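The values are calculated or read from the model by the stated rules, or taken from the named source; none is laboratory data. Computed from a predicted model, the values in this text were never measured in an experiment. FYI the Cβ positions are ideal-geometry reconstructions off the backbone, even for glycines, and counts take in every protein chain you see. Please note that ligands, DNA and RNA were not included when accessible areas were found on the heavy atoms of the full protein model with its side chains. Shrake-Rupley method; radii C 1.70, N 1.55, O 1.52, S 1.80 Å.
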Amino acid sequence: MAEHLASIFGTEKDRVNCPFYFKIGACRHGDRCSRLHTKPTISPTLCLSNMYQRPDMLTNPAPQAQPNPNLDPAHIQEHFEDFYQDLFEELSKYGHIESLNICDNLADHMASIYLSVSFSFSLDKRKENYPIFKKTNFVCKQVGNVYVQFREEEDAANALRNLTGRFYSGFFIL
């Protein structure tokens with residue numbers, strides 16, 4: 001029995017564990033999935049979910065953000081290369097990087113939509129320095145998962161410890 005269960009683990013025949021999550025770390029059914037999403041306790045690979053923000057996605061304020069075709073592809077490529085270089089330099093501090101992959105998560109089950117709300121205020125001199133608040137909404141679809149594979153599991157664990165609670169472009173990394 002144990003051999004049979006081991007042979008079907010993470011496959012379509014496994015009715016307990018999600019094969020999509022097992023293979024790629026994401027499931028098209030999300031929270032509605034009827035199967036378990038088992039996360040490994042230690043791995044040389046980290047997934048930094050929805051970290052890469054494409055500039056053509058940032059400029060479209062619609063809730064169902066779609067790429068803006070008016071942006072120059074050279075600008076998008078330059079933005080990507082700058083992001084890649086920043087990320088590689090930061091992650092190299094934690095150990096030798098075997099591979100660094102940045103994905104465009106354009107499918108709905110992979111991308112997240114964030115509403116960033118910021119407030120600014122000024123003092124109204126006519127009403128004894130009464131603060132005037134202005135609310136600005138900005139919707140962006142963060143689209144890129146970043147997968148970084150370190151040579152050693154300990155390096156990935158060190159990166160995970162040090163990146164937890166940090167920000168990049170105004171969003172939590174982990």
**OP:** Quick one: accessible surface of residue 72, probe radius 1.4 Å, all protein chains present, in square angstrom to the nearest 10.
**Re:** 90 Å²
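Under 15 Å from the Cβ of residue 45, count the other residues' Cβ atoms, weight Lys and Arg +1, Asp and Glu -1, and hand me the total. Walk me through the numbers on the way to the answer.
Values: positive: 23, 39, 151; negative: 98, 152, 153, 154, 155.
Around residue 45, the surrounding residues sum to -2.
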**OP:** With a point put 7 Å past each Cα toward its Cβ, work out how far residue 104 is from residue 152 in nm, to one decimal.
**Re:** 3.8 nm
Subject >> In range of the label at residue 167: residues from region 36-58 whose backbone nitrogen is under 17 Å from the point 7 Å along Cα→Cβ >> reply: 51-53
Subject >> Where region 1-50 is the region considered: accessible area per residue in Å², 1.4 Å probe >> reply: 76 Å²
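Full-extension gain between residue 24 and residue 12, please, as 0.36 nm times their residue separation minus the C-alpha to C-alpha distance.
Extending this stretch completely gives an extra 2.9 nm.
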Original post:
Among 144-153, 5-14, how do they line up from the highest to the lowest mean number of other beta-carbon atoms within 10 Å?
Top reply: 144-153, 5-14
